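S.K.: Following this message is one structure expressed as structure tokens.
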Amino acid sequence: MKGLKLLGFAIGLGLLAVTLLLPGISYAHCPLCVAGAGAGLTLSRLIGLDDSISGVWLAALLGGMVLWSYSWLVRKIGKGSLPILKPLVYLLVFTSTILMFYQFNLVITMEKIYGLHKLTFGIVTGGILFYLVDLINDLIIKIRGKHLFPYQRLATGLGSMIILSYIIYILIGYYI
């Protein structure tokens with residue numbers, strides 16, 4: 001088990017090094033956006049926010065990584081080749097992340113929200129919202145032929161995660 005953790009850490013560190021040393025063109029979300037989600041996740045853990053709010057920011061980080069992966073796959077196999085590719089990659093990344101959290105006992109199982117562990121609840125709700133916001137952005141761009149305003153994807157993605165974090169904070173503080 002310890003060897004798997006070390007291997008996972010080494011692979012992650014290697015991918016990070018390759019990403020930093022060999023930057024490419026970004027088509028989905030810029031590296032700064034994903035770094036911002038990672039910073040939000042780190043900050044939420046450092047200041048002791050609830051695991052459900054940390055899960056929201058982890059979902060934003062995973063969502064950005066999904067969009068990067070999807071853009072890469074589209075460049076390799078072509079846009080019209082598989083219409084279900086984006087939701088498939090999305091589900092694969094989110095499901096594998098949640099399963100790995102349980103596999104390596106990274107989920108604190110003391111408190112639950114609606115039957116889900118708090119971190120899982122945050123990842124699921126944040127992931128659903130991130131995906132819906134991405135669909136809405138795609139729809140707006142398709143209908144209008146352009147963005148409504150500069151940095152629309154960044155503003156709507158970050159704004160939706162902040163709003164969801166506040167909603168969960170209020171729910172936990174007063175209702176759950």
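The values are calculated or read from the model by the stated rules, or taken from the named source; none is laboratory data. Quick caveat, the model's predicted, so the values are computed rather than measured. Note: ideal-geometry Cβ built from the backbone for every residue, glycine included; neighbour counts use all protein chains shown.
S.K.: Select, from Leu92, Leu82, the only residue that is surrounded by fewer than 17 Cβ atoms within 10 Å (Cβ to Cβ) and in contact with a Leu (Cβ under 9 Å, 6 or more places away or on another chain).
M.R.: Every option except Leu82 fails the conditions.
S.K.: How about region 107-119: which of its residues are among the hydrophobic types (A, V, I, L, M, F, W, C) and exposed (fewer than 10 other Cβ atoms within 10 Å of the Cβ)?
M.R.: If the condition is that a residue be among the hydrophobic types (A, V, I, L, M, F, W, C) and exposed (fewer than 10 other Cβ atoms within 10 Å of the Cβ), then Met110 is the only one that fits.
S.K.: Okay, moving on. Got a sec? Which of Val34, Val66 is buried (at least 20 other Cβ atoms within 10 Å of the Cβ), among the aliphatic types (A, V, I, L, M) and at pLDDT below 70?
M.R.: Val34
S.K.: So, in region 120-176, of the ones that are among the basic types (Lys, Arg) and part of a helix (DSSP H, G or I), which residue ends up surrounded by the most Cβ atoms within 10 Å (Cβ to Cβ)?
M.R.: Applying the filter and picking the extreme gives Arg153.
S.K.: Further question on the same structure: Taking region 86-119, which residues are assigned to a helix (DSSP H, G or I), modelled with pLDDT under 85 and polar (S, T, N, Q)?
M.R.: Gln103
S.K.: Conditions: (1) assigned to a loop (DSSP other than H, G, I, E, B); (2) surrounded by 21 or more Cβ atoms within 10 Å (Cβ to Cβ); (3) at pLDDT 70 or above. Trp57 meets all but one. Number of the miss?
M.R.: So the condition that Trp57 fails would be (1).
S.K.: Moving on. Restricting the search to region 147-176, which residues are under 14 Å from the mean Cα position of the chain (by Cα) and over 18 Å from Leu135 (Cβ atoms)?
M.R.: Ile162, Ser165
S.K.: Now a separate question. Which of (1) at pLDDT 65 or above; (2) over 23 Å from Leu164 (Cα atoms); (3) part of a helix (DSSP H, G or I) is the odd one out, the single condition Pro83 does not satisfy?
M.R.: (3)
S.K.: Kindly indicate whether Leu135 is modelled with pLDDT of 85 or more and among the hydrophobic types (A, V, I, L, M, F, W, C).
M.R.: yes
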